[in-house]
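Only one structure is covered here, and it is reproduced in the block below.
Read-outs throughout are calculated quantities, based only on the coordinates presented, and are distinct from any laboratory measurement. A quick note: this is a predicted structure, and the numbers were derived from the prediction, not measured. When we count neighbours, we look across all protein chains shown, and the Cβ atoms used for this are built from the backbone with ideal geometry, even at glycine.
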Amino acid sequence: MDTTFETITLKNDEMPVMLVTGSAKRIGAAIIQAAHYQGYRVIIHCRQSVQQAQALAAKLNTAREHSAAVIAADLSLINDVDLLEQFVQKIIHAFGRLDVLVHNASRFYPTPLSTIDHNHWDELFLSNAKAPLFLSQALLPYLKRYQGCIISLLDIHAQDKPFEHYTVYNMAKAAHQMLVQSLALEAAPDVRVNGIAPGVNILPDNSSDQAIDHQQQRRIINSIPMQRIGTPEDIAHTVLFLAKASYITGEVINVDGGRRLTLAGGSD
Ligand SMILES: NC(=O)c1ccc[n+]([C@@H]2O[C@H](COP(=O)([O-])OP(=O)(O)OC[C@H]3O[C@@H](n4cnc5c(N)ncnc54)[C@H](OP(=O)(O)O)[C@@H]3O)[C@@H](O)[C@H]2O)c1
């Protein structure tokens, strides 16, 4: 693989391929756009946000023909061996190869003690831990062919600094972080596996039930040494760095403006 950030001048069918789960919008879409700009062919995976995914693919295909594909699927398909295999075949048939797998899809909501039920557990563990494991396992043979890599979106709250009232999410991301380290051992030397731990890199959509008010935003910004909310592009740059970093595996990079340093744990 090329080791610089220069735009790669390859024929379209030689360009590397990146799949980003949950990438119709927000951080996933920023990763897709940055990778495409750097010469990747991209597979946009989505579940409900099909229109946004198709609009993004159309924009990228206008910029460069046959460079973006959309695959819509709920990641719960990993619970069925046949559906998982069909999903894998769709991914590989999109461009004939896979170089970078980015686990970005996630559910995120509070689960205060006394309210936690099995649905919370299943839903939060599915996107944040179980699907990354089974998808990595299924795609590993294809990634090996191109000395590819896996990059997981984790969270600064996945280790030592739990986010208060988000026990199940914290646990799932912690499991995912251990997956990164375990898989890095088993997949080496062919495939590298790394993680990125965002701090606050994009606020919940205003329409979401997780939306936060102006005062809460101010409190968050004051707690961040870099004195700003991060951006999806901050994450995307780190994904592209890790995709090329041929001697880094089993590593987790915090992309949080220093926020982890000031967290006492809890909800601040
Ligand atoms: N936002 C932050 O500042 C922040 C902070 C810490 C960690 N992170 C991590 O960074 C990543 C990106 O964050 P984000 O805020 O951009 O993510 P997000 O908007 O909360 O979720 C990304 C996508 O995940 C997809 N998804 C959820 N459950 C799925 C399922 N069962 N099957 C298929 N797709 C599913 C959704 O796709 P559809 O819309 O198509 O349904 C959603 O658009 C996540 O892993 C998150 O945990 C983010």
Can you give the net charge of the other residues whose Cβ lies under 13 Å from the Cβ of Lys144, counting K and R as +1 and D and E as -1? 0
Could you name the aspartates and glutamates whose alpha carbon sits less than 13 Å from that of Lys90, not counting residues in the same chain fewer than 8 places away? Asp82
All other residues with a Cβ under 15 Å from the Cβ of Asn201 taken together, and with Lys, Arg as +1 and Asp, Glu as -1, what is their net charge? +1
In the range 204-253, what trypsin sites (Lys or Arg not before Pro) fall in a loop by DSSP, with at most 15 other Cβ atoms inside 10 Å? Arg228
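In the range 41-147, which GluC sites (Glu not before Pro) fall in coil by DSSP and have 15 or fewer other Cβ atoms within 10 Å?
Those that pass, being in a loop and sparsely packed, are Glu65.
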Where does the chain land at 222 nm, in deg cm²/dmol rounded to the nearest 500, when only DSSP H runs of n ≥ 4 count, each adding -39500 (n - 2.57), divided by all residues? -13000 deg cm²/dmol
Describe numerically, in nm with one decimal, the distance between label points set 7 Å from Cα along Cα→Cβ at Arg218 and at Lys90. 4.6
Starting with the highest mean, order 86-94, 100-108, 208-216 by the number of other Cβ atoms within 10 Å, averaged over the residues of each peptide. 100-108, 86-94, 208-216
Nothing charged except the Cβ atoms of Lys and Arg (+1) and of Asp and Glu (-1): what's the magnitude of the dipole of the range 12-262 about its Cα centre? Round to the nearest 20 debye. 580
Given the peptides 180-190, 149-159, arrange them by the average over their residues of other C-beta atoms within 10 Å, most packed first. 149-159, 180-190
Around Ala53, under 10 Å between beta carbons, what's the net of Lys plus Arg minus Asp minus Glu among the other residues? +2
